[in-house]
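Some notes on the structure that comes next.
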Amino acid sequence: MPSLRITADINGTRETIFDLIADLAHYDRWLPGSRVFGGMAQVAPVSTDVGTTYADGPMRGSITEFNPPERITFEQSMPVKALLLTGKLDVRVRYTLEATGSDGQTTHVIREVTCTLHGILGAAQPLVVSTIRRESGRMLEMMKRYVERGNGN
């Protein structure tokens, strides 16, 4: 079960960044689509808390931990069929937000991703882990740009 830890320091409060992460229905405001992330198609219920479900293409997930403004955890899974590789991918993403600096205006964002590959898909683990690492870095960079341009307030 591979685990990744990607971090970023963002000039914005924990509250601002937590609200951005938790606002699943509006990721398109700050996160352009990619080959991995196509955009949230469904979010239910509209108010975000533990149990909120969402879909991003074939990926289905839910919020399993909701502790504003410190921590939010998502668990998601999707079937995968690519050429001869079939199976299921389970992913757990936990964001931890730590205020830094004496004024609390900077946040150390920790994105921890754990994935489990089922079936013959396990043979593609290095490719899957590399893709997740790249996408996680992209997400944090887009979040940083958005918040630091003053759009997150």
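Just so it is clear, none of the values below were taken in a lab; they were calculated from the coordinates. Model, not experiment: these values are computed from the prediction.
Take every Cα pair under 8 Å whose residues are at least 6 apart in sequence, average their separation, divide by the length of the range 3-148, and the relative contact order is 29 percent. Given only helices, namely DSSP H runs of n ≥ 4 each adding -39500 (n - 2.57), what is the per-residue ellipticity at 222 nm of the chain, to the nearest 500 deg cm²/dmol? My calculation for the chain gives -7000 deg cm²/dmol from helical runs alone. Between E148 and K88, what is 0.36 nm times their sequence separation minus the Cα-Cα distance? Round to one decimal in nm. Full-extension gain reported as 17.9 nm. Computed from Cα positions, the angle between helix 125-148 and the longest principal axis of the chain comes to roughly 20 degrees. Of G33, G61, G12, the residue with the greatest mean-square motion in the GNM of the chain, using alpha carbon springs below 10 Å, is G33.
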